[in-house]
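A quick write-up on the structure given underneath.
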Amino acid sequence: MAGYEHSPQDYSIFGAPRSRAGSVGAKIGDHGVDRMLPRRGSLDVDLSHFKLMTPPTADDDNSDDKPSVFVHKTPPTDSKQTGNGCQIMNNYHQKFRRFSLGGGRSDGSILPFSPMENERKTTLSTPVNYLDSVRKRLEGISLGSSPSSSSKVRERKPDQILDMPNIRNDLNVNVMDWSSQNMIGIALEDQVYCWRRDIGECIQVPVELTEEDDYVMALGFNPDGSLLALGSTPDDIEIWNLEKMKVVHNIRSHSCAAVSLAWKGTILASGDADGNIHLHDTRAPTPIATNKDHTWVCNLRFSPDGRYLASGGKDSTICIREMNERRLYQKIPAHNSAVRALTWCTGLHSILASGGELGDGSIRLWNVNSGLKLTEVDTDSGITCMLWNTNDQELITGHRGTKHNLVVWKNPSQLHPALYLDGEEEGILHVALSPNEETLASASPDEKMRLWNCFGDANIKKKQRCCLGSPTTSALLRTIR
């Protein structure tokens, strides 16, 4: 093209001339900055957003070699005003490339890359005010006013109680779930039942275990509620089609029993008693990934957006795996005892809540992008399970060894107890939420399932209580089988 030293194709995305000999992945300038962003999964997006939206400090404005990370002013281009416009343009682009993509000082980069697995540390270099901003966002998702420390915490009795004979009094198993089709699944030793609360129908899944002493150790519905995964001793995982009531997949990739299961679409994650975590695609005959992250896997949870898989273990750690690249993203020494309770914040997908067993007893909230702790509260009791209520943005925790074994917490940024759900004294084994997240179910060692209609609109809860059954018919509803 006449009058141009370079053709349009010779210009990089930064506006500077591109070397004709360079390739797509060639490096630009003398700072060694790659033009392309190699891996989206390695970016700390929350931290990048914070740096983009934070106004520059006085130090940033007065710096001779560091441009503002908030406002990149258009560089002067008039050679009459600058005396050397081309040189200033080149200097501007060099500084932009250096400080926006991380080729220079890491504290000024807008898009900082997370360290690789073998380089990652538990505590990353993060601005202090960044953690404050995350806490404020966490406060913003809490609906309603949080009670003060002097407010009286309400107590509530269960609305319905069901018998669950022979439920295993063992915190190493995860045998209760509530499907999206409003069906509660529960394993009672070697027998599995699915109960439709809305119609009072209970069906038994015809599970046939190999040995007389075998039992079901893990249970979980897939997202649409059509499939039920069962992990049993010694090492079997069966996936049942509940409409046809038959096994459609039989997985035997573990060398010991699978004690925790979690679904994300067609992907099933399973963790066993040896600390191994396997990822299965129900459309594939073999596992698509296997990893050993713990000495014993206590719990598995996919993040709401499906980007991360969190696991808690008896080694007191939490492992976060990035699902797109299936790599270890964080390993956090979270508690002083086994981490049996895990749940993701549904308002902020990078926030994970965890609870420590007896010997620790604390609830902690983590930013998984940085691996840093946001808040902590000591409960003086072992935490066995927890859930996050999306409708009211409340945290629900199950305990043992305390007067109140089921607690609802308001204001997730500060964790104020708002409601005690009382009804039993031996502790909580499992909890589950209904699909509309208005009813909570708990299982306890006294072989009872308790239901609380404690969330949602008061009129809806009144209608639900009216449908629990009259005294003459409730005998059919007071047992799980």
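Summary table
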{"item": "Out of PRO471, PRO412, sole residue that is at pLDDT below 85, open to solvent by less than 10 Å² (accessible area, probe 1.4 Å) and assigned to a loop (DSSP other than H, G, I, E, B)", "result": "PRO412"}
{"item": "All positions within region 405-431 that are farther than 22 Å from ASP170 by Cβ and among the acidic types (Asp, Glu)", "result": "ASP422"}
{"item": "Search result, residues across region 215-234 that are assigned to a loop (DSSP other than H, G, I, E, B) and of a type outside the set (Val, Ile, Thr)", "result": "TYR215, ASN222, PRO223, ASP224, GLY225, SER226, PRO234"}
{"item": "Residue check for THR390: in the same structural domain as LYS410 (by the TED database), of a type in the set (Val, Ile, Thr) and open to solvent by 10 Å² or more (accessible area, probe 1.4 Å)", "result": "yes"}
{"item": "Of all residues in region 332-378 being surrounded by fewer than 21 Cβ atoms within 10 Å (Cβ to Cβ) and of a type in the set (Val, Ile, Thr), the one that is nearest to GLU426 (Cα to Cα)", "result": "VAL377"}
{"item": "Evaluation of ARG154 against (1) closer than 23 Å to VAL407 by Cβ; (2) open to solvent by less than 60 Å² (accessible area, probe 1.4 Å) (one fails), failing number", "result": "(2)"}
{"item": "Subset of region 355-400 [within 16 Å of the chain's Cα centre (by Cα), outside any strand (DSSP E or B) and aliphatic (A, V, I, L, M)]", "result": "VAL368"}
{"item": "All positions within region 248-271 that are of a type in the set (Ser, Thr, Tyr) and open to solvent by 20 Å² or more (accessible area, probe 1.4 Å)", "result": "SER253, SER255, THR266"}
{"item": "Subset of region 292-303 (residues that are open to solvent by 20 Å² or more (accessible area, probe 1.4 Å) and over 20 Å from LEU372 (Cβ atoms))", "result": "LYS292, THR295, TRP296, PHE302"}
{"item": "Among residues of region 153-198, those that are acidic (Asp, Glu) and either in contact with a helix residue (DSSP H, G or I) (Cβ under 8 Å, 6 or more places away or on another chain) or assigned to a loop (DSSP other than H, G, I, E, B) (or both), counted", "result": "5"}
{"item": "Test: residue in region 279-291 that is within 30 Å of THR379 (Cβ to Cβ) and either hydrophobic (A, V, I, L, M, F, W, C) or open to solvent by less than 40 Å² (accessible area, probe 1.4 Å) (or both)", "result": "no"}
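The values are calculated or read from the model by the stated rules, or taken from the named source; none is laboratory data. The shown structure was predicted, so the numbers you read here are calculated from the model rather than taken from an experiment. Neighbour counts run over all protein chains shown; Cβ positions are idealised from the backbone, glycine included. Ligands, DNA and RNA are excluded from the accessible area calculation, which covers all protein heavy atoms including side chains. Shrake-Rupley method; radii C 1.70, N 1.55, O 1.52, S 1.80 Å.
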